[in-house]
Amino acid sequence: MKHVSVGTEPQSLTAWKTAERVVDQRHYDGSLPTLVRDEIRHARVVDQGYLCPYTLRSIQALEPTAGDLQPRWDAHLEHFVARSDSRARANHHASLGDVAGQRAALEETVDYGNLLACVNRGADLPYGAATRGSQTLPVSPFQSDCETRFCFSPDGRIDAAPGAAGAAECIRILNLNHESLIGLRHAALYSRGLAPRRPNGSIRPRLAPKVPSPTAARQLAARIVHRDTAGRFDEFCLVIAQVATAFANTHS
């Protein structure tokens with residue numbers, strides 16, 4: 001899981017909140033315009049360094065269509081606190097005549113600090129936000145220590161770090177050990193000489209990626225956790241950094 005800063009919400013979202021005065025329409029499924037949703041998605045993709053915080057996969061651009069005012073991304077706008085939970089609390093407050101409580105619960109659905117951009121827009125992947133539904137995640141990408149709660153192995157698997165509360169449950173809910181995602185992580189490690197076998201399990205051929213020296217592995221680990229000049233993180237950067245560090249420590 002990749003840490004995500006709350007960031008600054010798009011001006012269009014702020015303007016919509018100011019203009020929309022009808023309490024029971026001021027929420028994500030109410031009167032929020034599609035254009036504002038697109039701007040939220042674009043802002044989140046950029047804030048996140050073009051990386052899905054759940055899967056660490058790169059978020060890819062879609063082909064533009066006529067009339068697009070924002071770049072199009074293969075990303076689903078994910079509510080960390082599920083909309084169904086927010087609506088249930090809003091309905092409860094409404095039944096009590098608590099307008100302020102109702103508004104607060106509904107506005108949680110358009111709180112920029114509750115929104116994430118996750119692969120993929122079609123929501124048909126067998127892992128990540130597509131498998132979560134409305135289940136509660138015990139670890140949040142907005143928590144500063146979220147990255148330390150998971151550990152990766154050279155075969156591409158993810159596990160809970162020792163003593164990391166909630167990490168195993170997140171892995172289960174998001175299906176982060178799905179074989180296709182394991183394969184993608186393994187391929188990323190293999191391409192950098194950090195996995196002992198090809199992704200299909202066969203032994204390295206003669207032209208396999210060069211195995212790095214301990215020094216080179218440490219340099220890779222230090223570099224890859226930072227954005228590039230375009231503001232992007234490398235796909236699976238945390239996986240590569242962690243495995244490279246372990247490799248360097250083992251081979252020193």
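The values are calculated or read from the model by the stated rules, or taken from the named source; none is laboratory data. Computed from a predicted structure; not experimentally measured. Neighbour counts are summed over all protein chains in view; Cβ atoms, including those assigned to glycine, are modelled from backbone coordinates with ideal geometry.
Condition test on residue 129, is it exposed (fewer than 14 other Cβ atoms within 10 Å of the Cβ) and hydrophobic (A, V, I, L, M, F, W, C)?
It is false that residue 129 is exposed (fewer than 14 other Cβ atoms within 10 Å of the Cβ) and hydrophobic (A, V, I, L, M, F, W, C).
Is it the case that segment 140-152 has a residue that's touching a helix residue (DSSP H, G or I) at 6+ places or on another chain (Cβ under 9 Å) and among the β-branched types (Val, Ile, Thr)?
no
What's the total number of residues in segment 1-29 that are assigned to a loop (DSSP other than H, G, I, E, B) and within 21 Å of residue 75 (Cα to Cα)?
The number of residues fulfilling the criteria is 13.
Tell me the residue from 108, 63, 78 that is outside any loop (DSSP other than H, G, I, E, B) and out of contact with any Cys (no Cβ under 9 Å at 6 or more places or on another chain), please. Spell out how you get there, then give the answer.
Details: 63 fails: outside any loop (DSSP other than H, G, I, E, B); 78 fails: out of contact with any Cys (no Cβ under 9 Å at 6 or more places or on another chain).
Exactly one of 108, 63, 78 is outside any loop (DSSP other than H, G, I, E, B) and out of contact with any Cys (no Cβ under 9 Å at 6 or more places or on another chain), namely 108.
Looking at 61, 104, can you tell me which residue is hydrophobic (A, V, I, L, M, F, W, C), in contact with a strand residue (DSSP E or B) (Cβ under 8 Å, 6 or more places away or on another chain) and not assigned by TED's automatic domain parsing to the domain that holds residue 239?
Numbers: 104 fails: in contact with a strand residue (DSSP E or B) (Cβ under 8 Å, 6 or more places away or on another chain).
Residue meeting the stated conditions: 61.
For segment 140-167, how many residues are part of a loop (DSSP other than H, G, I, E, B) and surrounded by fewer than 20 Cβ atoms within 10 Å (Cβ to Cβ)? Give the derivation first.
Here is the first cut: in segment 140-167, the residues part of a loop (DSSP other than H, G, I, E, B) are 140-145, 153-157, 161-166.
Of the ones still in play, those that are also surrounded by fewer than 20 Cβ atoms within 10 Å (Cβ to Cβ) are 140, 142-145, 153-155, 157, 161-166.
So the answer is 15.
Looking at 183, 193, 201, which is the one that is modelled with pLDDT under 95 and part of a helix (DSSP H, G or I)?
183
Does any residue of segment 86-94 turn out to be in contact with a helix residue (DSSP H, G or I) (Cβ under 9 Å, 6 or more places away or on another chain) and assigned to a loop (DSSP other than H, G, I, E, B)?
No: zero hits.
Taking the criterion of being out of contact with any helix residue (DSSP H, G or I) (no Cβ under 9 Å at 6 or more places or on another chain) and under 30 Å from residue 157 (Cβ atoms), would at least one residue in segment 16-35 satisfy it?
no
I'm trying to understand the selection: among the residues of segment 21-56, which are over 30 Å from residue 138 (Cβ atoms) and either surrounded by fewer than 16 Cβ atoms within 10 Å (Cβ to Cβ) or touching a residue at least 40 places away in the same chain (Cβ under 8 Å) (or both)?
Scanning segment 21-56 gives 21, 22, 23, 24, 25, 31, 33, 34, 35.
Suppose we filter 116, 56 for residues that are at pLDDT 95 or above, in a loop (DSSP other than H, G, I, E, B) and under 27 Å from residue 187 (Cβ atoms); which single one remains?
56
Name, by its number, the condition in (1) in a loop (DSSP other than H, G, I, E, B); (2) modelled with pLDDT of 95 or more; (3) surrounded by 15 or more Cβ atoms within 10 Å (Cβ to Cβ) that does not hold for residue 136.
For residue 136, the exception is condition (3).
Being at pLDDT below 95, farther than 14 Å from residue 4 by Cα and of a type outside the set (D, E, K, R): is that true of residue 101 here?
Here the answer is no, as residue 101 does not meet what is asked.
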